[in-house]
Amino acid sequence: MNNPLSFIKKDIVLASKSPRRQQLLKDLGLNFSVVLKEVDEVYPSNLKKQEVALYLSKLKADAFLPDLKENQLVITSDTIVCLDDKIIGKPKDRDDAFNMLSDLSGKMHEVVTAVTLTSVEKQVSFYVITEVYFKTLSNFEIDYYITNYQPFDKAGSYGIQEWIGYIGIEKIIGSYFNVMGLPVKELYDELERF
């Protein structure tokens, strides 16, 4: 039985070192290679949160344009965490991670993931927003999580699929996989249209 996406005749390139994104794409049934390009993730300060994720996703995609081959389809993405209107990036160190999780504790925040699909013929971008509600976390819980899971490569200092997600998240409104870093249902829909 063929995969529903077997009609994609292009070589898919995922431009992400995130093991979560790679696993999600694999679980979707896609064959792909991982190619990374260094991009300075700087954006204009006047952008709204979803515009920041879109801007960075396109910036990563545009790095591939000079070498893009006829038969390639490049997938780039960017995930940001927003508390109120403040964008929370990846933590610089342990103290930064602790402060971020303390800020998220007991509150709702938004996770915005933008995805850009790029081929020689065209480029399409979209974004998905998920609301995440944290219970009030104790200092002990935050410390335990940081010590055991080292969330320094994650926006907002946490992975929803890890221990903190099991014990700390009361509810989410929207896509769970979006919070992991790739809104797979929406990506599937876009690939069908692409």
Fill in: Along principal axes, Cα extents of the range 103-183, largest first, whole Å
52, 24, 18
Fill in: Normalised contact order of the chain, rounded percent, pairs of Cα under 8 Å and 6 or more residues apart
21
Worksheet, complete the sentence: Phi-derived 3J(HN,Hα) across the range 187-194 with the Karplus relation (6.51, -1.76, 1.60, θ = phi - 60°), rounded Hz, x for Gly and Pro, is 4, 4, 4, 5, 5, 4, 6, 4
Discussion item. Quick check: the angle from helix 139-149's long axis to the longest principal axis of the chain, C-alpha only, nearest 10 degrees?
Written reply: 40
Response to the item:
Quick calc: nm separation of the 7 Å Cα→Cβ label points for residue 43 and residue 107 -> 1.8
Item to complete: Using only Cα atoms, find the angle between the long axis of helix 49-62 and the longest principal axis of the chain, and express it within 0 to 90 degrees, rounded to the nearest 10.
Response: 40
Practice prompt. Give me the number: length gained by fully extending residue 162 to residue 93, i.e. 0.36 nm times residue separation minus the C-alpha to C-alpha distance, one decimal in nm.
Written response: 23.0 nm
Worksheet item: In Å, what Rg and Dmax follow from the Cα atoms of the chain?
Response: 17.1, 53
Item to complete: Could you work out how far helix 94-104 tilts from the main Cα principal axis of the chain, as a 0 to 90 degree angle to the nearest 10?
Response: 90
Discussion item. Using a Cα-Cα cut-off of under 19 Å, which lysines could be cross-linked to residue 9, ignoring same-chain neighbours fewer than 8 residues away?
Written reply: 26, 69, 122
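Values quoted throughout were computed directly from the atomic coordinates according to the rules given, and no laboratory measurement underlies them. From a predicted model like this one, the values you see are computed outputs, not experimental measurements. For neighbour counting, all protein chains shown are included, and Cβ atoms are generated from backbone atoms with ideal geometry for every residue, glycine included.
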